[in-house]
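Student: This is the structure I want to talk about, given as structure tokens.
The values are calculated or read from the model by the stated rules, or taken from the named source; none is laboratory data. Just so we're clear, the structure is a prediction, and the values are computed from it rather than from any experiment. Here Cβ is always computed from backbone atoms with ideal geometry, including for glycine, and neighbour counts include all displayed protein chains.
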């Protein structure tokens with residue numbers, strides 16, 4: 001009997017699968033057992049080629065070679081992980097290998113990683129798909145029992161391939177066209193640009209906001225108070241002029257008010273739904289101050305390393321019915337600190353089931369994020385991991401608690417011809433509020449009496465009751481601009497394609513037609529920060545001047561969150577077999593051509609400012625001059641000098657694409673590049689430093705860490721695409 005090769009996405013996941021399958025013998029980039037061999041990618045091993053690798057004519061950026069619309073975009077092996085690709089290729093094509101199992105992350109990008117490796121390796125062997133939502137041994141074992149044919153996921157692969165090619169076509173063509181138009185490096189993307197547009201829109205709303213003064217008038221009726229409101233279908237408590245408030249106050253002074261409406265209604269506040277990734281990122285930002293990226297990485301660690309959470313990159317907030325026994329088991333195995341809340345979530349030992357939590361029709365590729373049925377030890381977590389696990393555990397419990405019951409009272413008191421409104425809310429049954437969202441939740445702010453709202457019981461009033469006006473109070477205020485975006489609010493806007501929706505059902509209906517996916521939104525935000533289109537100020541995210549200028553010059557079609565949302569919905573339809581992939585790609589090709597024509601002929605004539613960087617402890621900003629570094633010659637064209645800007649080193653010669661990013665060595669353990677270091681490197685071609693050896697060879701920048709015979713960084717010195 002031949003071998004079955006299992007291809008995981010990461011070494012850590014591969015080792016977990018190998019342990020379950022009994023693969024204990026170490027091999028070259030793999031673990032070997034009697035029947036299975038487990039190997040792994042290291043993220044992406046294969047990607048789409050660069051334009052200059054399609055045709056040398058694309059090495060020089062020029063409108064004459066745009067748009068770039070190849071019939072096919074070939075694949076290439078990523079140079080930094082070439083060795084691991086060779087190992088995987090050898091294993092899957094080995095004559096002893098009968099079949100494969102795709103065990104990459106169970107999602108769109110995981111599918112793409114495996115299929116690109118499979119295609120580039122020229123493999124034709126049959127394969128199956130492992131699809132799991134938890135990394136516990138039990139879940140892996142169950143996943144192998146329920147393994148499915150690889151062909152069942154062909155739609156998911158088509159969607160992933162279309163996404164990859166669409167980002168390539170729009171990014172390559174738009175970035176080149178607008179960079180040529182404005183003679184400054186502009187990174188433009190199918191998803192990042194409409195996300196930036198949301199930030200730019202909010203910045204302009206704030207800058208253009210003109211505050212308007214208003215007053216509120218509150219009457220004191222002794223045992224309760226009421227706020228004045230206009231007698232309209234859409235009642236307004238704001239009085240634009242203080243004189244109007246003073247006039248009404250004078251008219252009701254020492255008068256008697258009559259209750260003309262007194263209603264108390266029993267209402268329910270339903271428990272919160274379980275977490276998907278976006279709602280978890282939003283709450284973690286709001287309650288813990290985590291960025292979206294930090295939440296994703298922390299959740300991923302709890303999933304992969306600790307096996308404490310289920311798969312985090314999900315867009316579902318529901319569980320399938322077959323998870324009911326596992327949820328009961330999970331609750332009983334939660335750490336001791338949560339056991340006091342378990343009886344309320346399991347009344348009579350049974351899980352209360354409703355369509356808010358258990359619904360097979362609303363489970364997509366993965367179910368909601370919950371703790372695994374594994375006894376977790378939070379003392380082994382980092383502080384961030386402990387806090388995030390705490391949020392998810394509490395949300396699981398709260399979601400199955402009963403609703404919060406309360407009495408909502410509305411009183412309208414008429415004084416002369418003027419109306420005053422009083423509202424009250426009294427908790428009857430605390431319900432799910434008995435499970436605080438955090439271990440030490442902040443105290444909620446109570447409504448002020450001036451707003452005519454009270455958390456305390458109101459007097460038992462009936463229509464016709466009267467009260468003397470004991471006094472009035474006028475409060476002056478001004479309308480406030482919309483708040484700057486935070487990670488939480490930007491994620492919400494991305495989820496609804498820029499539409500500001502409060503209604504939970506409308507948000508649910510927008511699922512699948514937002515900007516990006518739960519798995520990619522954090523990276524999109526970080527990308528905007530990295531390229532200088534956005535910046536963090538405290539807890540807020542704000543568009544920079546460069547970001548505003550970019551949105552002002554690109555066509556509305558590219559910056560439209562709604563259009564990007566329709567594209568994302570089309571990708572979902574491709575997954576489900578409801579849309580022809582070629583039709584989608586034809587639309588992307590038309591858009592790419594349009595963007596090039598727009599940049600060439602229509603885009604506004606503006607000048608982007610010189611880039612800036614920070615110096616010293618004070619963070620003072622200083623303009624970067626275009627003068628070349630002394631004594632430097634471009635190693636690519638040999639004609640220009642080498643100049644420095646805020647994030648990279650480039651050539652002074654127009655049309656030359658030599659680029660060295662200042663942080664390009666850091667992920668490989670190397671130093672940040674400085675002007676002095678680059679000068680020495682260009683002169684000597686090889687430098688020995690405290691972290692390793694740095695050299696220029698055949699148009700590549702190579703970095704060898706100390707003691708290593710292989711480079712950890714192998715980077716071409718020509719900028720072709722977005723980093």
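Student: Restricting the search to region 56-68, which residues are surrounded by fewer than 16 Cβ atoms within 10 Å (Cβ to Cβ), touching a helix residue (DSSP H, G or I) at 6+ places or on another chain (Cβ under 8 Å) and in a loop (DSSP other than H, G, I, E, B)?
Tutor: Here is the first cut: in region 56-68, the residues surrounded by fewer than 16 Cβ atoms within 10 Å (Cβ to Cβ) are 56-57, 60, 62-65.
From the residues that got through so far, the ones that are touching a helix residue (DSSP H, G or I) at 6+ places or on another chain (Cβ under 8 Å) too are 57, 62-63, 65.
Correct list: 62 only.
Student: Can you name every residue in region 1-15 that is out of contact with any helix residue (DSSP H, G or I) (no Cβ under 7 Å at 6 or more places or on another chain) and under 11 Å from residue 33 (Cα atoms)? It would help to see each step written out before you state the result.
Tutor: Within region 1-15, the first condition is being out of contact with any helix residue (DSSP H, G or I) (no Cβ under 7 Å at 6 or more places or on another chain), and the residues that meet it are 1-4, 10-11, 14-15.
Once the filter is applied, which keeps residues that are out of contact with any helix residue (DSSP H, G or I) (no Cβ under 7 Å at 6 or more places or on another chain) and under 11 Å from residue 33 (Cα atoms), region 1-15 yields 3, 4.
Student: So, restricting to strands (runs of 3 or more DSSP E) that lie completely within region 680-723, which ones have at least 3 residues that are surrounded by 13 or more Cβ atoms within 10 Å (Cβ to Cβ) and modelled with pLDDT of 80 or more?
Tutor: Working: elements: 686-688, 692-697, 700-705, 713-716.
Here the list reads 692-697, 700-705.
Student: Here's a follow-up. Out of 152, 167, which single residue is over 20 Å from the mean Cα position of the chain (by Cα) and either crowded, with 18+ Cβ neighbours inside 10 Å or outside the structural domain of residue 557 (by TED's automatic domain parsing) (or both)? Lay out the reasoning, then the answer.
Tutor: Values: 167 fails: over 20 Å from the mean Cα position of the chain (by Cα).
Every option except 152 fails the conditions.
Student: A further question follows. Going through 291, 298, 310, 264 one at a time, which residue ends up being touching a helix residue (DSSP H, G or I) at 6+ places or on another chain (Cβ under 6 Å) and farther than 22 Å from residue 436 by Cβ? First the steps, then the outcome.
Tutor: On the way: 298 fails: farther than 22 Å from residue 436 by Cβ; 310 fails: touching a helix residue (DSSP H, G or I) at 6+ places or on another chain (Cβ under 6 Å); 264 fails: touching a helix residue (DSSP H, G or I) at 6+ places or on another chain (Cβ under 6 Å).
Exactly one residue qualifies, and that residue is 291.
Student: Within region 30-50, does at least one residue satisfy the condition of being farther than 26 Å from residue 103 by Cβ, at pLDDT 95 or above and either outside any strand (DSSP E or B) or not assigned by TED's automatic domain parsing to the domain that holds residue 180 (or both)? Full working, then the answer.
Tutor: Step one: of region 30-50, the residues farther than 26 Å from residue 103 by Cβ are 49-50.
Now restrict to residues that are at pLDDT 95 or above: 49.
Keeping just the survivors that are either outside any strand (DSSP E or B) or not assigned by TED's automatic domain parsing to the domain that holds residue 180 (or both) gives 49.
For region 30-50, residues farther than 26 Å from residue 103 by Cβ, at pLDDT 95 or above and either outside any strand (DSSP E or B) or not assigned by TED's automatic domain parsing to the domain that holds residue 180 (or both): present.
Student: Follow-up. Is there any pair with a first residue in region 678-700 that is on the phi > 0 side of the Ramachandran plot and a second that is part of a strand (DSSP E or B) and exposed (fewer than 12 other Cβ atoms within 10 Å of the Cβ) whose Cβ atoms are under 8 Å apart and which are 6 or more apart or on different chains, and what are they?
Tutor: Close Cβ pairs satisfying both conditions: 685/697.
Student: Only helices (runs of 4 or more DSSP H) wholly contained in region 212-307 count here; list those with 1 or more residues that are closer than 30 Å to residue 461 by Cβ. Don't jump to the end; show me each part of the working.
Tutor: Values: elements: 242-252, 277-288, 292-304.
Correct list: 242-252.
Student: Taking the condition farther than 25 Å from residue 124 by Cβ and surrounded by 14 or more Cβ atoms within 10 Å (Cβ to Cβ), does residue 111 pass? It would help to see each step written out before you state the result.
Tutor: On the way: farther than 25 Å from residue 124 by Cβ: no; surrounded by 14 or more Cβ atoms within 10 Å (Cβ to Cβ): yes.
So residue 111 does not fit the description; no.
Student: In addition: For region 635-659, give me each residue that is in a strand (DSSP E or B), over 28 Å from the mean Cα position of the chain (by Cα) and closer than 18 Å to residue 716 by Cβ.
Tutor: Step one: filter region 635-659 for residues in a strand (DSSP E or B), giving 642-644, 648-651, 658-659.
Retained after the next criterion (residues that are over 28 Å from the mean Cα position of the chain (by Cα)): 642-644, 649-651, 658-659.
Residues satisfying the conditions are 642, 649, 650, 651, 658, 659.
Student: Here is a further query. Among the residues of region 365-396 satisfying the criterion of being without any contact (Cβ under 8 Å) to a residue 60 or more places away in the chain and over 20 Å from residue 290 (Cα atoms), which is surrounded by the fewest Cβ atoms within 10 Å (Cβ to Cβ)?
Tutor: Selected residue: 379.
Student: Let me spell it out: the conditions are (1) part of a helix (DSSP H, G or I); (2) modelled with pLDDT of 95 or more; (3) touching a strand residue (DSSP E or B) at 6+ places or on another chain (Cβ under 9 Å), and residue 328 meets all of them except one. Which number is the exception?
Tutor: Failed condition: (3).
Student: Still on this structure, please answer the following. Out of curiosity, is residue 126 over 30 Å from residue 300 (Cβ atoms), touching a strand residue (DSSP E or B) at 6+ places or on another chain (Cβ under 7 Å) and touching a residue at least 24 places away in the same chain (Cβ under 8 Å)?
Tutor: Numbers: over 30 Å from residue 300 (Cβ atoms): yes; touching a strand residue (DSSP E or B) at 6+ places or on another chain (Cβ under 7 Å): yes; touching a residue at least 24 places away in the same chain (Cβ under 8 Å): yes.
Yes.
Student: A follow-up question, please. Quick one: would you say residue 346 is in contact with a strand residue (DSSP E or B) (Cβ under 9 Å, 6 or more places away or on another chain), surrounded by 15 or more Cβ atoms within 10 Å (Cβ to Cβ), farther than 30 Å from residue 470 by Cα and at pLDDT 95 or above? Please lay out each step first, then the result.
Tutor: Working: in contact with a strand residue (DSSP E or B) (Cβ under 9 Å, 6 or more places away or on another chain): no; surrounded by 15 or more Cβ atoms within 10 Å (Cβ to Cβ): yes; farther than 30 Å from residue 470 by Cα: yes; at pLDDT 95 or above: yes.
Criteria not met by residue 346.
Student: Let me ask something additional. Could you please give the count of residues in region 129-149 that are part of a strand (DSSP E or B) and buried (at least 19 other Cβ atoms within 10 Å of the Cβ)? Don't jump to the end; show me each part of the working.
Tutor: Of region 129-149, the ones part of a strand (DSSP E or B) are 129, 148-149.
Now drop any that are not buried (at least 19 other Cβ atoms within 10 Å of the Cβ), which leaves 129.
Residues that pass the stated criteria total 1.
Student: Would it be correct to say that residue 18 is out of contact with any helix residue (DSSP H, G or I) (no Cβ under 6 Å at 6 or more places or on another chain), free of Cβ contacts under 8 Å to residues at least 24 places away in the same chain and within 30 Å of residue 175 (Cα to Cα)?
Tutor: Numbers: out of contact with any helix residue (DSSP H, G or I) (no Cβ under 6 Å at 6 or more places or on another chain): yes; free of Cβ contacts under 8 Å to residues at least 24 places away in the same chain: yes; within 30 Å of residue 175 (Cα to Cα): no.
So residue 18 fails the test.
Student: For residue 426, which of the numbered conditions (1) surrounded by 13 or more Cβ atoms within 10 Å (Cβ to Cβ); (2) at pLDDT 95 or above fails to hold?
Tutor: Condition not satisfied by residue 426: (2).
Student: Here are some conditions: (1) modelled with pLDDT of 95 or more; (2) outside any loop (DSSP other than H, G, I, E, B). Residue 464 meets all but one. Which one does it not meet?
Tutor: Status for residue 464: all satisfied but (2).
Student: Right, another one. In this structure, is residue 81 part of a helix (DSSP H, G or I) and either without any contact (Cβ under 8 Å) to a residue 24 or more places away in the chain or not assigned by TED's automatic domain parsing to the domain that holds residue 520 (or both)? So that I can check it myself, show each step before the final result.
Tutor: On the way: part of a helix (DSSP H, G or I): yes; either without any contact (Cβ under 8 Å) to a residue 24 or more places away in the chain or not assigned by TED's automatic domain parsing to the domain that holds residue 520 (or both): yes.
When the stated conditions are applied, residue 81 passes them.
Student: Which members of region 109-130 meet the condition of being under 24 Å from the mean Cα position of the chain (by Cα) and modelled with pLDDT of 95 or more? Full working, then the answer.
Tutor: Kept after step one, since they are under 24 Å from the mean Cα position of the chain (by Cα), are these residues of region 109-130: 109-114.
Within region 109-130, 111, 112, 113, 114 meet the criteria.
Student: Quick check on region 186-215: of everything there that is farther than 14 Å from residue 484 by Cα and out of contact with any helix residue (DSSP H, G or I) (no Cβ under 7 Å at 6 or more places or on another chain), which residue is surrounded by the fewest Cβ atoms within 10 Å (Cβ to Cβ)? Even if it seems obvious, please write down each step before you answer.
Tutor: First, pick out the residues of region 186-215 that are farther than 14 Å from residue 484 by Cα: 186-195, 210-215.
With out of contact with any helix residue (DSSP H, G or I) (no Cβ under 7 Å at 6 or more places or on another chain) added as a condition, the list becomes 210-214.
On the way: 210: 6, 211: 10, 212: 10, 213: 13, 214: 18.
Result: 210.
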